[in-house]
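Below: the structure, in structure tokens.
The values are calculated or read from the model by the stated rules, or taken from the named source; none is laboratory data. Computed from a prediction, not measured in an experiment: that's the story for all the values here. Positions of Cβ are backbone-derived with ideal geometry, glycine not excepted, and every protein chain shown enters the neighbour counts.
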Amino acid sequence: MTASQLPSSDLVYDTTSVYTKIFIGLQLAGLIGNIVTLIIAYFSPVTRQATWYNCIIMWCIYSIAFLLLFFSGHYHDPSPPFDLCLIQSALIHAASPSATAATLALVIQLYFSVYSALNLHPIPYQSLWLKIILAFPYATGSILVALFLVLSLIDPSTTTFNITAYCAVNQIIPGRITAGLTIALVIPMMIIDGLIYARLRKHWSEFRASQLGRYTSMIIRASLFSICAFVALCAGFGFFLVVFAQDPTEPIDQVVPRLLLAYNILNIFLSIFPVAVMLIFGTHEDILRRLFFCERHEMNSVSEHAVPIKDTNDG
């Protein structure tokens, strides 16, 4: 048998392997850490914009999507229920673009903050834009889940799944849509980060004198995660090109081990993001003080990246 004849049943993975345990462990750590971050931040005297909470929530949903098979009790089943795999496959293919969209929304919010601090007024139609970017991740996720469910149900009798630590539909289109959208969202994230730093460099003294001068760490954290996402995407894309370039005549005894290793390493990449979110956004001073029950200094209820609420319809 050759690579072109490889059936999906040959791509069922060992759920007791070290790679799989690392994947599950990192996803659980990211999920628990981000939930704890949300709870502590909610009761913190430092107020935060809705985009910050949106970002953490969407990365929690990201982890839940990948852990659905684990939580369901069918984790070690060689053939999990079709409906369960169908739902999880749709969720995981929608999770990455949705979580990336939420991170992009946070970066856009930060740009609004910098613009407002330096120009002493919000951008035109700012209130409307804020509502749009808040809804964008949820709209993206809902549309993608519906699309992937339809693609999988066009002919259910021919729909099969690759079973790793989760179910992924054995189709090319969902994976390409997910990868393409994620990259398309990371690119403007990097561009906006560049615009933020360009403005800060040009007007650093004014920014330091503004109310936002105390909260430059939020900008640094969001930019750091954007860079991490970009580097990971580039590495994953390069790895994909090298490892998944199949020779149709390659013997199956060579194909399967290579694909197993490829999926295992890519899964580790997927599991790192929630942990990165936890470490980058969950290590603000007020959160760490409450987490470790440290005494805190009196803190004013000032937004991490507040912007003037006054709207304008100029321009």
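Numbers at a glance
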read-out	value
Single match in ILE183, ILE123 (criterion: β-branched (Val, Ile, Thr), farther than 19 Å from ILE57 by Cβ and in contact with a Ser or Thr (Cβ under 8 Å, 6 or more places away or on another chain))	ILE123
Among (1) surrounded by fewer than 19 Cβ atoms within 10 Å (Cβ to Cβ); (2) over 23 Å from ARG48 (Cα atoms) - the single one ILE132 does not satisfy	(2)
Hey, PHE161 aromatic (Phe, Trp, Tyr), buried (at least 18 other Cβ atoms within 10 Å of the Cβ) and more than 19 Å from the chain's Cα centre (by Cα) or not	yes
Positions within region 26-65 being surrounded by 21 or more Cβ atoms within 10 Å (Cβ to Cβ) and among the aromatic types (Phe, Trp, Tyr), in sequence order	TRP52, TRP59, TYR62
Cβ-Cβ under 6 Å pairs, at least 6 apart or on other chains, region 175-198 side closer than 16 Å to LEU147 by Cβ, far side part of a helix (DSSP H, G or I) and at pLDDT 85 or above	THR178/HIS93; THR178/SER96; LEU181/PRO97; THR182/SER96; THR182/PRO97; THR182/THR100
Hits in region 10-29 (condition: modelled with pLDDT of 95 or more and in contact with a Phe, Trp or Tyr (Cβ under 7 Å, 6 or more places away or on another chain))	GLN27
Selection status of GLY194, closer than 27 Å to ASN267 by Cβ, part of a helix (DSSP H, G or I) and among the small types (Gly, Ala, Ser)	no
Cβ pairs under 8 Å, 6+ apart, first in region 43-65 and over 30 Å from CYS85 (Cβ atoms), second assigned to a helix (DSSP H, G or I) and β-branched (Val, Ile, Thr)	SER44/ILE287; THR51/ILE108; THR51/ILE133
LEU68, sole failed condition from (1) farther than 19 Å from PHE273 by Cα; (2) surrounded by fewer than 24 Cβ atoms within 10 Å (Cβ to Cβ)	(1)
Matching entry among ALA102, ALA94 (being in contact with a Leu (Cβ under 7 Å, 6 or more places away or on another chain), under 26 Å from ILE177 (Cβ atoms), buried (at least 23 other Cβ atoms within 10 Å of the Cβ) and touching a residue at least 12 places away in the same chain (Cβ under 8 Å))	ALA94
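Results for (1) under 15 Å from the mean Cα position of the chain (by Cα); (2) at pLDDT below 70; (3) surrounded by fewer than 17 Cβ atoms within 10 Å (Cβ to Cβ), shown as yes or no for each residue.
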site	(1), (2), (3)
VAL186	yes, no, no
MET189	yes, no, no
GLY194	no, no, yes
SER205	no, yes, yes
ILE227	yes, no, yes
GLN254	no, yes, yes
PHE269	yes, no, yes
PHE273	yes, no, no
MET278	yes, no, no
